[in-house]
Amino acid sequence: MKICIIGNSLTSLTLAKALVNKEIFVDVFCKNKNIDLDKSRTIGISKSNINFFNNNISKINKILWPIKKIKIFSENSGDNELIEFEEPNNHLFSIINNFSLYNQLNSELNKIKYFKVKYDIPFKKLDNLGYDLIINCDPNHLITKKFFSKKFEKKYHSFAFTTIIEHKKLALNNTAIQIFTKKGPIAFLPISNNKTSIVYSMRIKDGGQNSDIEKLINKFNPNFEIRKINKISKFKLKSFNLRKYYKSNILAFGDLLHKLHPLAGQGFNMSLRDIKKLLDVINKKIELGLALDQSVCNEFQNKTKTRNFVFSEGIDFIYEYFNSENKIKNNLIDTSIKYIGKNKYMNDYFKKIADEGLQI
């Protein structure tokens, strides 16, 4: 069995590691052996996905920072929190630096005989290289433009700004804070006792100035004695879901399948759940002695497409729900969110969805 993965993104290497752990030969095709990773980017990984990662991909506990509590505010609510999620004896999810995770996976893969990195080749030659499956994770590849351009898309007319602030060391820094401001949601995500990652999604057309972002970070800073705001990165925000996941034995994957608003930190978690489903399909084929062919792509699409679409729409609904507060100009949204937060059943339900995704 031999699988080709196009692109060397974080999702590409995560999938490659999961496959080579099953002694499947994997070639990763890329234009450059190493990519220039943004060191200001972090991701949140849910508890269930951490367990999956540790058991099936790589041991990552040493580079995780656990989050035990989430507090949600709105600009209108001031210091009065709208809702709180907590796991005092455990953790809700963990934060990890993209750069650290990428380097760990890259280092481990390069020591495994089932893995090879190759430089990109012309699209016409792929069919002649004997791969059972071709998995495309590269949004700029010719395959993407040829087969995977049709999607359900929404533009937010917003930019996401990411940075890491350095602050006075805290005895405990395990509470994530999300504030729904009039310009968009800002999240403070601890990554150590003296560093916190920030993701600010702002409804602006031109991208804004870094000095303005720094002022807003200081304005909504909950309690940190900030000593330094590191380099600020930005990218345009949009959400989409691919209409069709595969063409023949070529499967689109990762951010090519779905992209969503970062307010809930679910993008990479969705890709990890997709990897679980793909491995389930591949494992079943291997157990039955069947070939890894187009049927893998078809079964994967049947298992994930509806679930991914509904989940993505749910994240978009949350964004628009909070965004509507600025339009109706009353506290109805705050009141309804507080009610959900006080309802134990609803609180537990939302924690379960954030951890495991939709079970449909």
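The values are calculated or read from the model by the stated rules, or taken from the named source; none is laboratory data. As the structure is a prediction and not an experimental result, all values here were calculated from the model. Here Cβ is always computed from backbone atoms with ideal geometry, including for glycine, and neighbour counts include all displayed protein chains. Just the protein is used for accessible areas: all its heavy atoms, side chains included, with ligands, DNA and RNA removed. Shrake-Rupley method; radii C 1.70, N 1.55, O 1.52, S 1.80 Å.
Would you say Ser48 is of a type in the set (Gly, Ala, Ser) and surrounded by fewer than 21 Cβ atoms within 10 Å (Cβ to Cβ)?
Yes: the conditions hold for Ser48.
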### Message
Out of the residues in region 106-159 meeting the condition of being assigned to a strand (DSSP E or B) and aromatic (Phe, Trp, Tyr), tell me which one is nearest to Glu299 (Cα to Cα).
### Response
Phe152
### Query
Of the residues Asn326, Asn283, Asn302, which is more than 27 Å from Arg243 (Cβ to Cβ), open to solvent by 40 Å² or more (accessible area, probe 1.4 Å), at pLDDT 85 or above and assigned to a helix (DSSP H, G or I)?
Asn283
### Task
Kindly indicate whether Ser77 is open to solvent by less than 60 Å² (accessible area, probe 1.4 Å) and part of a helix (DSSP H, G or I).
no
### Message
What are the pairs with Cβ atoms under 9 angstrom where one residue, in region 341-360, is part of a helix (DSSP H, G or I) and the other, located anywhere, is among the hydroxyl-bearing types (Ser, Thr, Tyr)? Sequence gap at least six, or different chains.
### Response
Met346/Tyr339; Ala354/Ser46; Asp355/Ser46; Asp355/Ser48; Glu356/Ser46; Glu356/Ser48
### Message
Please go through region 112-147 and give me each residue that is touching a Leu at 6+ places or on another chain (Cβ under 6 Å), aromatic (Phe, Trp, Tyr) and either within 29 Å of Pro185 (Cβ to Cβ) or buried (at least 18 other Cβ atoms within 10 Å of the Cβ) (or both), ordered by number.
### Response
Phe115
### Query
What number goes with the only condition from (1) surrounded by fewer than 21 Cβ atoms within 10 Å (Cβ to Cβ); (2) in contact with a strand residue (DSSP E or B) (Cβ under 9 Å, 6 or more places away or on another chain) that His258 does not pass?
(1)
### Close pairs from region 228-240: first closer than 14 Å to His261 by Cα, partner surrounded by fewer than 17 Cβ atoms within 10 Å (Cβ to Cβ) and among the aromatic types (Phe, Trp, Tyr), Cβ under 9 Å, at least 6 apart
Ser239/Phe152; Phe240/Phe152
## Note on the structure
Residue set Gln104, Gln209; condition farther than 30 Å from Glu313 by Cα, surrounded by 18 or more Cβ atoms within 10 Å (Cβ to Cβ), free of Cβ contacts under 8 Å to residues at least 60 places away in the same chain and of a type outside the set (Phe, Trp, Tyr); output residue Gln104
### Message
Tell me whether region 240-250 contains one or more residues that are over 22 Å from Ile45 (Cβ atoms), of a type in the set (Val, Ile, Thr) and not in a loop (DSSP other than H, G, I, E, B).
### Response
yes
### Message
Thr162 - would you say it is free of Cβ contacts under 8 Å to residues at least 60 places away in the same chain, assigned to a strand (DSSP E or B), polar (S, T, N, Q) and open to solvent by less than 20 Å² (accessible area, probe 1.4 Å)?
### Response
no
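Filter region 165-176 down to the residues that are open to solvent by less than 20 Å² (accessible area, probe 1.4 Å) and either assigned to a strand (DSSP E or B) or of a type in the set (Lys, Arg) (or both) and list them by number.
Ile165, His167, Ala176
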### Summary
Being more than 16 Å from Glu166 (Cα to Cα) and open to solvent by less than 30 Å² (accessible area, probe 1.4 Å) narrows Phe240, Phe235, Phe224, Phe220 down to just Phe240
### Summary
Taking region 11-35 and the residues there that are of a type in the set (A, V, I, L, M, F, W, C) and either more than 17 Å from Leu278 (Cα to Cα) or open to solvent by 20 Å² or more (accessible area, probe 1.4 Å) (or both), the one that is modelled with the lowest pLDDT would be Ile35
